[in-house]
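To keep things clear, I will list the structure first and then write my remarks on it.
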Amino acid sequence: MGLLVTGLLLLLVPHSLRELGLRDFVASRLGSRGVYRGAVFVLAVAGLALIVWGKSQAPFVMIWQPPFELRHISNFIMYPVFWLVLAGVLPMSTARWTLRNPMALGVAVWGVAHLWANGDLASMLLFGSFAFWGAIKYLSLFRGTRLPPFRNRMLVWDAIGCTLGSVLYVSVFVFHGDLFGVGLSL
């Protein structure tokens, strides 16, 4: 469990420095914004590797039993996640314009959907941490982000994001068992 917690800290703490009011302080101590970004990237990759390794090694400790007949609800909750994450990385769309940081919202929804279907301690640490981090990040960025002027071409990026998000959703749904060791069904 220690590897999982260490990985979560290495990934989420550097990505929370803005919300903690420490981003500029840490960046100034490292000398430049490029060094800061490089350090955050290295910590994120190391954290992600430890999360995967730690989750696979964590003992199975059941905290609560998800209702089996309602587990499919998480499949439906997951549908907008792919669209939200893509809206966060594609050029400005109306979704990004309206939500300001749809990727953080997508991470929060992803965490909640997985908490609904997983009741073991390692899953609750993993998905609960991401859900909490995503919600805090979304709320802080929503409040502090300026909006560019609205343009009609932003609708094109919504269509692209929705289409790609649907393709990714179906692909992950079909191959979830191969990718993550747990098959899904409706």
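Some observations on this one:
- Counted residues, segment 1-31 - those being without any contact (Cβ under 8 Å) to a residue 60 or more places away in the chain, outside any helix (DSSP H, G or I) and of a type outside the set (A, V, I, L, M, F, W, C): 2
- For segment 55-102, the tally of residues that are charged (D, E, K, R) and crowded, with 18+ Cβ neighbours inside 10 Å stands at 3.
- Candidate set from segment 128-164 (those that are touching a Phe, Trp or Tyr at 6+ places or on another chain (Cβ under 7 Å), at pLDDT 90 or above and not small (Gly, Ala, Ser)); member that is surrounded by the most Cβ atoms within 10 Å (Cβ to Cβ): Phe130
- Selection within segment 63-80 - within 15 Å of the chain's Cα centre (by Cα) and not hydroxyl-bearing (Ser, Thr, Tyr): Ile77, Met78, Pro80
- Here Val167 qualifies as surrounded by fewer than 15 Cβ atoms within 10 Å (Cβ to Cβ) and more than 22 Å from Glu69 (Cα to Cα).
The values are calculated or read from the model by the stated rules, or taken from the named source; none is laboratory data. Quantities reported herein were computed from a predicted structural model and do not represent experimental measurements. For neighbour counting, all protein chains shown are included, and Cβ atoms are generated from backbone atoms with ideal geometry for every residue, glycine included.
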